[in-house]
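Written out below as structure tokens is the structure these notes cover.
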Amino acid sequence: MIKNIVLDCDPGHDDAIAILLAGQKDKINLLGISVAAGNQTIKKTAINALNVASYLNIDVPIAIGCEFPIVKERVICASIHGESGLDGFDFPKPKQSFDKRHGVQLIIDSIMNNDDVTMVCTGPLTNLALAMRLEPKIVSRIKEIVLMGGSIDNGNTSPAAEFNIMCDAEAAHIVFNSGVSIKMIGLNVTRKVLVSDKVISRMEKINNSASEMFTKLMKVFNENQRKTFGIEAGPLHDPATIACLFDDKVIKFQSMNVEIDINHGSSYGRTNCDVFDYLHKPHNCLVAMDIDVNRYWDVIEEGLRYYK
Ligand code: BDR
Ligand code: CA
């Protein structure tokens with residue numbers, strides 16, 4: 001059965017590809033997009049979401065979410081995603097405009113008015129956490145949360161923390177303790193799906209509007225990864241959330257307890273994953289342990305080919 005989803009994202013190069021995958025109407029029912037601040041300020045990530053959706057003719061409500069994290073100072077990630085948050089592609093003027101509601105309200109309405117909604121989150125969790133606080137009734141109605149964030153090992157923003165969780169660890173703490181079933185896809189698997197030159201030329205050959213966007217964005221993404229982390233190809237994190245909804249063989253998950261470090265010390269934002277069940281705490285999360293790299297690129301290729 002086709003799943004109902006709401007995508008909360010902060011585009012962001014890899015978020016843009018998550019939007020692209022989620023726009024395949026024959027595979028998924030995208031109820032709306034709420035935008036988070038993260039890779040850039042909310043003004044920029046919101047415009048980017050609108051541009052990507054409009055370019056790909058994905059006509060769903062897009063609502064602007066929170067400008068700041070719940071407790072801490074805002075951080076952005078211009079070193080990877082550039083000044084615009086989506087450097088590398090010149091989008092035409094968008095045909096659609098923003099939904100008038102706040103992003104948090106879009107999440108609440110979508111969950112209250114539709115059954116079995118899966119929340120897909122590819123940015124900081126501020127909007128979802130505040131939606132849970134503003135309308136607690138949504139908590140028992142959410143079918144599942146699939147998120148990109150965290151890691152069972154080292155971070156990409158500090159030794160301990162991954163960017164999305166570190167941006168708003170208090171929000172992540174609320175979400176991870178909500179009791180909703182969660183699939184967490186972290187750096188330990190997304191670092192295996194690197195957009196190599198080989199991947200880029202494979203996708204370039206598709207030669208349609210979507211592959212043109214993909215290719216141009218990924219070239220800049222990789223260049224920035226080289227400058228920042230000294231790696232030749234960037235990890236394509238966010239589309240893994242949608243890929244695992246389409247093909248349950250793409251990612252292997254393990255059930256465990258995950259705690260978010262909200263102590264404001266050097267491990268702030270760490271997802272403390274109890275892989276070996278040392279603490280015997282209730283399992284609140286399915287954590288991604290491995291990814292089938294070939295299947296992943298097949299899902300991406302199929303997504304690009306959808307846009308003739
Ligand atoms: C996450 O951080 C962002 O920069 C990416 O879009 C991804 O969601 C990876 O740590
Ligand atoms: Ca993101």
| Residue list for segment 225-252, restricted to those being more than 16 Å from ligand 1 (Cβ to nearest atom), open to solvent by less than 30 Å² (accessible area, probe 1.4 Å) and assigned to a helix (DSSP H, G or I) | Leu245
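Restricting to segment 190-218, what's the tally of residues that are in contact with a Pro (Cβ under 9 Å, 6 or more places away or on another chain) and open to solvent by less than 10 Å² (accessible area, probe 1.4 Å)?
3
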| said: Just the residues that are within 18 Å of Asp8 (Cα to Cα), hydrophobic (A, V, I, L, M, F, W, C) and crowded, with 16+ Cβ neighbours inside 10 Å, please, taken from segment 81-117. | reply: Leu86, Phe98, Val104, Leu106, Ile107, Ile108, Ile111, Val117
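Conditions tested, residue by residue: (1) in contact with a strand residue (DSSP E or B) (Cβ under 6 Å, 6 or more places away or on another chain); (2) open to solvent by less than 10 Å² (accessible area, probe 1.4 Å).
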{"site": "Cys9", "(1), (2)": "no, yes"}
{"site": "Ile19", "(1), (2)": "no, yes"}
{"site": "Gln24", "(1), (2)": "no, yes"}
{"site": "Asn29", "(1), (2)": "yes, no"}
{"site": "Lys44", "(1), (2)": "no, no"}
| remark: Ala78 passes all but one of the listed conditions (1) modelled with pLDDT under 95; (2) buried (at least 23 other Cβ atoms within 10 Å of the Cβ); the exception is number (2)
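If you take just the helices (runs of 4 or more DSSP H) that sit entirely in segment 114-223, which of them hold at least 3 residues that are of a type in the set (A, V, I, L, M, F, W, C) and within 16 Å of ligand 2 (Cβ to nearest atom)? Steps first, please.
Values: elements: 126-134, 137-141, 163-167, 169-176, 187-190, 197-204.
Helices (runs of 4 or more DSSP H) meeting the threshold: 163-167, 169-176.
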| Quick one: what pairs do we get from segment 1-15, first residue over 11 Å from Ser110 (Cα atoms), second among the polar types (S, T, N, Q) and away from ligand 2 (no atom under 11 Å from the Cβ), C-beta under 6 Å, 6+ apart or different chains? | Ile2/Asn29; Lys3/Thr118; Asp8/Ser34; Asp8/Asn127
| message | I'd like the residue in segment 158-174 that is among the charged types (D, E, K, R) and more than 9 Å from ligand 1 (Cβ to nearest atom) and, out of all such residues, is surrounded by the most Cβ atoms within 10 Å (Cβ to Cβ). | response | Asp168
| message | Name the residue that is nearest to the chain's Cα centre (by Cα), counting only residues in segment 7-39 that are more than 10 Å from ligand 1 (Cβ to nearest atom) and more than 15 Å from Ala243 (Cα to Cα). | response | Asp8
| said: I'd like the residue in segment 256-292 that is open to solvent by 50 Å² or more (accessible area, probe 1.4 Å) and not in a loop (DSSP other than H, G, I, E, B) and, out of all such residues, is nearest to Asp153 (Cα to Cα). | reply: Asn272
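Quickly run through segment 72-103 and pick out the residues that are within 15 Å of ligand 1 (Cβ to nearest atom) and farther than 19 Å from Pro124 by Cβ.
So the first thing to find is which residues in segment 72-103 are within 15 Å of ligand 1 (Cβ to nearest atom), and the list is 74-88.
Those that are within 15 Å of ligand 1 (Cβ to nearest atom) and farther than 19 Å from Pro124 by Cβ: Glu83, Asp87, Gly88.
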| note | Exception for Ala131 within (1) on the phi < 0 side of the Ramachandran plot; (2) surrounded by fewer than 16 Cβ atoms within 10 Å (Cβ to Cβ) falls at (2)
| Restricting attention to segment 230-252, which residues are among the hydrophobic types (A, V, I, L, M, F, W, C) and free of Cβ contacts under 8 Å to residues at least 40 places away in the same chain? | Ile231, Ala233
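May I ask you to verify whether Ala63 is of a type outside the set (D, E, K, R), buried (at least 20 other Cβ atoms within 10 Å of the Cβ) and more than 12 Å from ligand 1 (Cβ to nearest atom)? If you could, list the steps in order and put the result at the bottom.
Details: of a type outside the set (D, E, K, R): yes; buried (at least 20 other Cβ atoms within 10 Å of the Cβ): yes; more than 12 Å from ligand 1 (Cβ to nearest atom): yes.
Criteria met by Ala63.
The values are calculated or read from the model by the stated rules, or taken from the named source; none is laboratory data. Note that the structure is a prediction, hence the values are computed from the model and not measured. Neighbour counts are summed over all protein chains in view; Cβ atoms, including those assigned to glycine, are modelled from backbone coordinates with ideal geometry. For accessibility, only protein heavy atoms count, side chains too; no ligands or nucleic acids. Shrake-Rupley method; radii C 1.70, N 1.55, O 1.52, S 1.80 Å.
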